[in-house]
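The values are calculated or read from the model by the stated rules, or taken from the named source; none is laboratory data. Everything numeric in this text was worked out from a predicted model, so none of it was measured. Cβ atoms come from the backbone with ideal geometry, glycine included; neighbour counts cover every protein chain shown.
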Amino acid sequence: MELVTPGIGLVFWMLLSFTIVLIILKKYAWGPVMKALKDREESIENALRSAEKAKDQMAQLQADNQKIINEAKIERDKLIKEAREVKEKIINEAKGQATIEANKLVETARANIQTEKIAAINEIKNQIAIFSVDIAEKILSRELTDKNKQKDLIDNLLKEINFN
C-alpha cells in the first residue's frame, strides 16, 4: 500500500521542491509575465482611449465640416441674392435710360415736326406773297382803262392760280 499512500518524507521533499520551484517562478517568471500582462493591459487601455479620442475628433471634424458646408451654402445664397439684386438694378437702370432716350427722341421729333410745320407755313405765305405780287404786276402792266377789263383780268388770274 505504499504505492497508494505516500510516505511523510516524500511529501515533505515534494512540498519543499514545489515551494522552491514556486519561489523561483515567482521571482523570475511571474514578475515578468505579470509585468508583460500589465503592460499589455495598459497598452490596450491606451489604444482604446486613443480610439475614443479619434472617434471624438472625427465627430468634431464632421460637425465642423457640416458647419463649414452650411456657412458656405449661406454665403452662396447670399452671393446669388446680391447678384440677382444687382441684375435687377442694372435692368431697371437700363429701362430708365431707354425711357429717357425714347422721350428725348420723341421730343426731338416733335420739335422737328413743329419746325417743319412753321417752315411749311412760311413757305406757303411766301408763295402767296409771290403770287400776289405777280398778279399785281400783271394788272399794273396792262392798260386798264375799262373796269370790265380789270374785273375779267382778275377773274382769269384767279382761275390760273387755282389750277396751279
Does Met58 satisfy being part of a helix (DSSP H, G or I), at pLDDT below 90 and surrounded by 10 or more Cβ atoms within 10 Å (Cβ to Cβ)? no
Got at least one residue in segment 91-112 being closer than 29 Å to Ile161 by Cβ and either at pLDDT 90 or above or not in a helix (DSSP H, G or I) (or both)? no
Please indicate, with yes or no, whether at least one residue in segment 66-88 is modelled with pLDDT under 90, out of contact with any Gly (no Cβ under 7 Å at 6 or more places or on another chain) and among the polar types (S, T, N, Q). no
